[in-house]
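Taking it in order: structure first as structure tokens, then the write-up.
The values are calculated or read from the model by the stated rules, or taken from the named source; none is laboratory data. This is a predicted model, so every value here is computed, not measured. Counting neighbours? That spans all protein chains shown, and the Cβs are built from the backbone with ideal geometry, glycine included. The protein model used for the area step is the full one, side chains on, heavy atoms only, and it has no ligands, DNA or RNA in it. Shrake-Rupley method; radii C 1.70, N 1.55, O 1.52, S 1.80 Å.
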Amino acid sequence: MKAQHPKIKTQLFSCGFFRHCTRTVLSPTTPHPPPLPFSSTDSLPPSLSLDSSPPAPTQPDPPTHHHAKPESESSSSSTSQSFTQWKFALPDSPILPYPQPEPDPKPEPKSKPPPPISSTNLQELFHAAELQLSVGSHPEQLAALQLLERSLVPYPPPDPVCPPELMRGLVRNLKNKAGAKAATKILLALCLAEGNRHVAVEAGAAAAVVETALELEATSAERALAALELMCTVAEGAAAVRAHALAVPIMVMMMGRTSARGKEYAIGVLAVIYSGGYGEEEAAEAVAAAPAEEVARAVELALKGDCSGRGRRKGAQLLKALQEPLQERENLDPK
């Protein structure tokens, strides 16, 4: 008669695996992880030994003083406790390995230009700026220039005509380093009206631009050359530029120093000097100031670089105008 062995299946389920499953899983409430179940390489417990002898009876677990809770209640309470105690890292939490980037600040809205000023208000503005530019202190003159810039540059006025004394104040500030930038903006805005071009030439603006062009900043020099080209569209302006001994050399130098727009304006001024519309004496003075060969060479170099479409058309007209004195010189001095 075979010996009655204890129920290994019940002991295996209750002692081998179920004990490990009912232990508390790793959670924030357990400081140390529970031991893992044995692997296949570890030694088997006596209850699972392959020996044919019956295993020794195991000692029952000592009774505890507290009442055991049902299995479903304990597992659900431990699960809910483990889930409720997990905390997610906040943006300012020191748990994060690196600080969170701050959101980009909203760009400030650009200030809109003031509305166009009426003729009556413009006359009052001219009168007040004229007084400040004539007898005002240096800070008052700069304030007057800034006020004129904000009022005239966004909407250049076709009328009324700028007072001569105010224009002379602008011309004086072309030689002032602090006020030259604003003065060139105001001068260009005023010269868009033909009536102000006559006032500018009479105030000496053409000669002042020629004499200060090399000392101005790049953008201010371009605006000054644009105003000078506009002044050359009136007869007295073209005559003032041709009569200036430094006009041609300065324009040749400016073609090599400015951008495409600056080259365009300088070529336009040279085209006025060497084109028709003046007598033989003025033509001889212009050629003597800068030989046509040098001017033509400088224009060709400028056209090979960065130049606008209008500048190239003006340059082609200028080169055509320069060919006439060169041919006349070859005819007078044949080799």
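Worth a mention:
- Search result, residues across the range 249-268 that are open to solvent by less than 40 Å² (accessible area, probe 1.4 Å), touching a Leu at 6+ places or on another chain (Cβ under 7 Å) and not small (Gly, Ala, Ser): Ile250, Met251, Met254, Ile267
- Among the residues here, Thr212 qualifies as β-branched (Val, Ile, Thr), open to solvent by less than 20 Å² (accessible area, probe 1.4 Å) and either more than 18 Å from Glu165 (Cα to Cα) or outside any helix (DSSP H, G or I) (or both).
- Scanning the range 129-142 for residues that are part of a helix (DSSP H, G or I) and open to solvent by 50 Å² or more (accessible area, probe 1.4 Å) gives Leu131, Gln132, Ser134, Val135, His138, Pro139, Glu140.
- Screening Gly277 against (1) modelled with pLDDT of 85 or more; (2) on the phi > 0 side of the Ramachandran plot leaves a single unmet condition, (1).
- If you go through the range 217-229 and keep only what is aliphatic (A, V, I, L, M) and either free of Cβ contacts under 8 Å to residues at least 40 places away in the same chain or open to solvent by 40 Å² or more (accessible area, probe 1.4 Å) (or both), you end up with Ala218, Ala226.
- Enumeration of residues in the range 147-198 that are surrounded by 23 or more Cβ atoms within 10 Å (Cβ to Cβ) and more than 33 Å from the chain's Cα centre (by Cα): Cys162, Leu166, Met167, Gly169, Asn196
- Scope the range 309-335; condition at pLDDT 85 or above and open to solvent by less than 40 Å² (accessible area, probe 1.4 Å); matching residues: Gly311, Gly315, Leu318, Leu319
- Filter result for Val201 (assigned by the TED database to the domain that holds Glu130, open to solvent by 10 Å² or more (accessible area, probe 1.4 Å) and either in a loop (DSSP other than H, G, I, E, B) or within 19 Å of Tyr265 (Cα to Cα) (or both)): yes
- Verdict on Ala178 being assigned to a helix (DSSP H, G or I), hydrophobic (A, V, I, L, M, F, W, C) and closer than 25 Å to Thr212 by Cα: no
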